Amino acid sequence: MKHAGTQTLKTTRLTLRRIELDDAEMMFANWANDDEVTHYLRWQTHQTVEDTKAVIQNWFEGYRDDSKYHWGICLNNGEIIGSLGIFNINEYDSHAEIGYCIGRKWWGQGYTSEAARAVIDYMFANTDIERIETYHSVLNPASGRVMAKAGMRYEGFARHKYRNRDGYQDCNMYGIIREDWFDFSK
């Protein structure tokens, strides 16, 4: 599969860029330390800035590999308010998952769907990916609205799709294929 790496992307209101160690305090304060933000995620809420630095260090090392994709979601004033990545890339089938997280202060303002749309566009325009998919806990319908706004289609329901700190989550599944993206982006 052809890869392009994590490149800086701009939208009307956002800059998506590589996350750096200098972002640790903002990341910790804006979303990584918030139990409500991380409630439906697979990772634990960060207890210290050191936890956040360890995660960023791992991402930073991954940037050396063009098949790793992880962006910080930044307002145009430079404040980092969330993150978004492409994960679980299947080279043979040319598909991957998209995942995101944004600070509670910025919920409901369209930032996450704007960022997701930019990354979906980037992946289809710059790699030969055929499908991007994702899922959300049925207890978190706002995430499904983000997926739909980003051009993804509801594709079904999966019982106990993933486990978080509350146990196994039933999920709604979404996806977009290259053909759908081409039609959606017209």
When every residue in region 141-181 that is surrounded by fewer than 17 Cβ atoms within 10 Å (Cβ to Cβ) and among the aromatic types (Phe, Trp, Tyr) is compared, the one farthest from Ser94 (Cα to Cα) is Tyr168
**Message:** Quick check on Thr6: is it of a type in the set (Val, Ile, Thr), surrounded by fewer than 16 Cβ atoms within 10 Å (Cβ to Cβ) and in contact (Cβ under 8 Å) with a residue 24 or more places away in the chain?
**Reply:** no
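Out of region 102-155, which residues are among the charged types (D, E, K, R) and within 14 Å of Gly85 (Cβ to Cβ)?
Step one: filter region 102-155 for residues among the charged types (D, E, K, R), giving 104-105, 114, 117, 121, 128, 130-131, 133, 145, 149, 153, 155.
Scanning region 102-155 gives a single hit, Glu133.
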If we keep only residues of region 11-39 that are without any contact (Cβ under 8 Å) to a residue 12 or more places away in the chain and closer than 16 Å to Gly72 by Cα, then the residue surrounded by the fewest Cβ atoms within 10 Å (Cβ to Cβ) is Asp22
Filtering region 100-116 down to residues that are touching a Ser or Thr at 6+ places or on another chain (Cβ under 8 Å) and under 17 Å from Gln7 (Cα atoms) yields Tyr100, Glu114, Ala115
Scanning region 83-116 for residues that are more than 16 Å from Leu16 (Cβ to Cβ), touching a residue at least 40 places away in the same chain (Cβ under 8 Å) and either of a type in the set (Asp, Glu) or touching a strand residue (DSSP E or B) at 6+ places or on another chain (Cβ under 9 Å) (or both) gives Ile89, Glu91, Ser94, Lys105
Within region 15-33, the count of residues that are under 17 Å from the mean Cα position of the chain (by Cα) and part of a loop (DSSP other than H, G, I, E, B) comes to 3
Cβ pairs under 8 Å, 6+ apart or interchain, first in region 142-162 and of a type in the set (Val, Ile, Thr), second modelled with pLDDT of 95 or more and part of a strand (DSSP E or B), ordered by first then second residue, are Val146/Tyr100
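The values are calculated or read from the model by the stated rules, or taken from the named source; none is laboratory data. For clarity, every value in this text was computed on a predicted model and none was experimentally measured. Here Cβ is always computed from backbone atoms with ideal geometry, including for glycine, and neighbour counts include all displayed protein chains.
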